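The values are calculated or read from the model by the stated rules, or taken from the named source; none is laboratory data. No experiment lies behind these values; they were computed from the predicted model shown. All Cβ positions, even for glycine, are placed from backbone atoms using ideal geometry, and neighbour counts span all protein chains on display.
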Amino acid sequence: MNRYLSVALLTGFSLLSLHAQPEPAKKFDPNVPQSEHKLLEALVGVYDVTLRTFVPGKEPSETVGVSQRTMILSGRYLSEKLTGPGKDVRFFLGYDPVGGYYSKTWIDADSSALLYAEGTYDKDLKVLVFRGLDAGADGKKVRCRDVIRWKDDQSVTLEMYRQPEGGGLEVKVFEAVYSKKRS
């Protein structure tokens, strides 16, 4: 009788364990916007922008502009059109779920070079930092570090720093202070 009881208990536990199996994990799909895309979505809106350009040895020049930011391609990328006196810029931000980094491209009417950089987000500091290569004013390659800082839901700052590729001091070359007018 003990043998029958043992077999019955084993069979019962085996059947229970079949029902207690965890659900299979959802398959990662790089074609679907990820949670990181929500960070970009928070930047959507129309902004007043104060633009400052820095040239070593001179006072910064300042102008104002307007930025229109929208999500494009089914929520995968942020597209920005920034215009103002002497400024015509297109800026794109995305997140690469396979590589695990943010990417940006910047094109403007001042240069025929396309700036591409990759970056990471520090959620504690609310800072997105991009690094890449850019063309300097002399046409030579320079290292770039571009920083997007969230002050709050209505205010964001973009700072651009450049350093000669062979070394030398990193200098701030551009700053854009965004104040949201509407979403």
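Structural remarks
- Whether a residue is over 23 Å from residue 173 (Cα atoms), surrounded by 14 or more Cβ atoms within 10 Å (Cβ to Cβ), within 16 Å of the chain's Cα centre (by Cα) and free of Cβ contacts under 8 Å to residues at least 60 places away in the same chain was assessed, and residue 95 does not pass this test.
- Selection count where residues are touching a strand residue (DSSP E or B) at 6+ places or on another chain (Cβ under 8 Å) and either exposed (fewer than 13 other Cβ atoms within 10 Å of the Cβ) or in contact (Cβ under 8 Å) with a residue 24 or more places away in the chain (or both), scope region 133-148: 10
- Of the residues making up region 141-182, those that are assigned to a strand (DSSP E or B) and of a type in the set (Lys, Arg) are 141, 143, 145, 149, 162, 172, 180, 181, 182.
- Meets criteria (without any contact (Cβ under 8 Å) to a residue 24 or more places away in the chain, part of a strand (DSSP E or B) and out of contact with any helix residue (DSSP H, G or I) (no Cβ under 7 Å at 6 or more places or on another chain)) for residue 63: no
- When region 74-92 is limited to residues that are crowded, with 18+ Cβ neighbours inside 10 Å and free of Cβ contacts under 8 Å to residues at least 60 places away in the same chain, the one that is farthest from residue 160 (Cα to Cα) turns out to be 77.
- For residue 46, the test of being more than 17 Å from the chain's Cα centre (by Cα) and surrounded by 13 or more Cβ atoms within 10 Å (Cβ to Cβ) is passed.
- Region 57-90, residues that are modelled with pLDDT of 95 or more and either touching a His at 6+ places or on another chain (Cβ under 7 Å) or aromatic (Phe, Trp, Tyr) (or both): 77
- Qualifying residues in region 94-129 (those that are assigned to a loop (DSSP other than H, G, I, E, B) and acidic (Asp, Glu)) - the one farthest from residue 152 (Cα to Cα): 110
- The sole residue among 177, 89 that is touching a Leu at 6+ places or on another chain (Cβ under 7 Å) and closer than 16 Å to residue 48 by Cα is 89.
- Residue match in region 149-172 (condition: under 30 Å from residue 29 (Cα atoms) and within 14 Å of the chain's Cα centre (by Cα)): yes
- Criterion: among the aromatic types (Phe, Trp, Tyr), within 17 Å of residue 35 (Cβ to Cβ) and free of Cβ contacts under 8 Å to residues at least 60 places away in the same chain - qualifying residue of 101, 116: 101
- Single condition residue 71 does not satisfy, out of (1) touching a Ser or Thr at 6+ places or on another chain (Cβ under 7 Å); (2) surrounded by 13 or more Cβ atoms within 10 Å (Cβ to Cβ): (1)
- Some residue of region 79-93 being more than 14 Å from residue 146 (Cα to Cα), out of contact with any strand residue (DSSP E or B) (no Cβ under 7 Å at 6 or more places or on another chain) and either not in a strand (DSSP E or B) or not aliphatic (A, V, I, L, M) (or both): no
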